[in-house]
1. Could you look through the stretch 337-366, keep only residues that are at pLDDT below 95 and not charged (D, E, K, R), and pick out the one that is farthest from CYS248 (Cα to Cα)?
2. Please identify the pairs in which a residue from the stretch 1-21 that is among the polar types (S, T, N, Q) has its Cβ atom under 8 Å from the Cβ atom of a residue that is surrounded by fewer than 13 Cβ atoms within 10 Å (Cβ to Cβ), counting only partners at least 6 apart or on another chain.
3. Would you check which residues across the stretch 183-202 are open to solvent by 30 Å² or more (accessible area, probe 1.4 Å) and either touching a strand residue (DSSP E or B) at 6+ places or on another chain (Cβ under 9 Å) or not in a loop (DSSP other than H, G, I, E, B) (or both) and list them?
4. Any residue in the stretch 230-253 that is part of a strand (DSSP E or B) and either over 25 Å from SER283 (Cβ atoms) or under 23 Å from the mean Cα position of the chain (by Cα) (or both)?
5. Select from the stretch 256-276 the residues that are part of a loop (DSSP other than H, G, I, E, B) and of a type in the set (D, E, K, R) and list them in ascending order.
6. Residue under question is ILE290, and the condition is that it be under 20 Å from GLU62 (Cα atoms) and in a helix (DSSP H, G or I); does it hold?
7. Pick from the stretch 293-342 the residues that are among the β-branched types (Val, Ile, Thr) and assigned to a loop (DSSP other than H, G, I, E, B): which of them is least open to solvent (accessible area, probe 1.4 Å)?
8. Name, by its number, the condition in (1) part of a loop (DSSP other than H, G, I, E, B); (2) farther than 26 Å from GLN46 by Cβ; (3) not polar (S, T, N, Q) that does not hold for GLU145.
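The values are calculated or read from the model by the stated rules, or taken from the named source; none is laboratory data. All figures in this text were calculated on a predicted structure; none of them were measured in a lab. Glycine also receives a Cβ, built like all others from the backbone with ideal geometry; neighbour counts cover every protein chain displayed. For the accessible areas, the whole protein counts, side chains as well, though only heavy atoms, and no ligand, DNA or RNA atoms are used. Shrake-Rupley method; radii C 1.70, N 1.55, O 1.52, S 1.80 Å.
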Amino acid sequence: MTDTPKTQASVIEGLRSFFRSGKTRDIDYRIRQLKILDKMVTDHEQDIMAALKKDLNKSNPESFMTEINFVQHEIRYTLKHLKKWASPKRVATPVSLQPGTSYIYKDPLGLVLIIGPWNYPFNLTLSPLVGAIAAGNTVLVKPSEVSAATSGLIRDLIGRYFDPSYLAVVEGGAEETAAILEHPFDHIFYTGGERVGKIVMAAAAKHLTPVTLELGGKSPCIVDKDINFDLAARRICWGKFMNAGQTCVASDYLLVHETAKPKIIEALRGAITQFFGENPQASPCYGRIINEHHFNRLCEFMKQGNIIFGGTTDITSRYVAPTLIDRVTPEDPIMTEEIFGPLLPIMTYKTIDEAIGFINARPKPLALYIFSDDE
């Protein structure tokens with residue numbers, strides 16, 4: 001379902017009018033809305049799981065842990081602390097302003113736009129919503145059209161549980177998103193890729209709108225010598241192959257001490273088999289790639305280097321096996337672009353300074369992991 005520019009404009013004006021009414025400034029009002037959100041999520045856990053299964057083949061335990069419970073915890077933590085967070089704070093008064101008294105007041109921004117991603121389409125759309133509600137804003141939510149089942153569910157649920165003049169959802173693709181960004185907002189929160197992040201930031205600049213961009217990157221994982229390789233392999237595989245590797249903070253590549261390479265490869269093979277069986281395609285715990293575009297992108301990456309484990313694909317189900325790739329070069333696209341899939345390139349280093357230099361010579365990632373017994 002998509003919304004026309006005229007519909008978008010009407011929705012946005014309604015949200016602005018609601019904010020101007022002053023209702024969202026009341027802390028008790030915000031608390032009530034957060035409790036409604038908590039009830040919405042809890043009452044529809046099975047519906048959320050079904051949508052995530054349809055979009056990404058997520059298992060129910062994975063959906064609960066990485067999507068549903070994450071949002072529930074965010075809501076409940078916020079409810080516990082909101083009154084303290086929102087209270088005025090007395091601070092020291094400069095001599096030039098004596099004998100006055102000084103306070104910091106937490107003031108709502110106004111109308112916030114949240115543009116959600118497709119990889120964790122429930123969690124990463126609703127988590128920023130919790131903060132926006134708590135801060136006393138009205139909110140326009142734009143879920144990712146790529147995860148269509150979850151997007152439709154979010155729109156349906158929010159439409160049922162909330163006043164559309166206070167909290168609204170619009171759907172659509174790139175054209176509809178571009179039309180939304182023509183409007184001024186008081187803050188924009190975007191989670192997704194770098195390419196669209198640049199578009200969002202450029203659009204926001206026209207209105208001097210502050211933005212929060214949660215993008216991606218190539219998060220490295222350093223593996224030292226003389227460690228517990230089985231333990232490291234299990235932890236690497238858990239983070240890398242959850243959601244079929246479609247996680248922005250997943251290890252994007254391994255930097256392994258040259259003497260440890262055979263041991264970590266053997267341990268990784270064992271961990272993958274332990275988690276997903278001899279045939280991960282038949283595992284109820286292994287996800288699928290979101291669409292054919294991303295499936296084909298990953299298949300191109302697999303033409304680089306030497307596949308030493310996995311490598312199986314099936315376009316009909318958008319299945320890409322957990323795959324280990326050796327003999328890649330720093331110039332290969334798999335080492336210059338974010339992978340965002342279940343492919344794990346393995347490179348080696350001789351000294352830790354060499355590994356650090358390699359990482360620092362590249363754009364800063366979201367995360368870095370190191371497995372070592374050397375503090």
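1. PRO363
2. Short answer, once both residue conditions are applied: THR2/GLY173.
3. Just the residues of the stretch 183-202 that are open to solvent by 30 Å² or more (accessible area, probe 1.4 Å), to begin with: 183-184, 186-187, 189, 193-196, 198-199, 201-202.
Correct list: HIS183, PRO184, ASP186, HIS187, PHE189, GLU194, ARG195, VAL196, LYS198, ILE199, MET201, ALA202.
4. yes
5. GLU258
6. Values: under 20 Å from GLU62 (Cα atoms): yes; in a helix (DSSP H, G or I): no.
It is false that ILE290 is under 20 Å from GLU62 (Cα atoms) and in a helix (DSSP H, G or I).
7. ILE339
8. Among (1) part of a loop (DSSP other than H, G, I, E, B); (2) farther than 26 Å from GLN46 by Cβ; (3) not polar (S, T, N, Q), GLU145 violates only (2).
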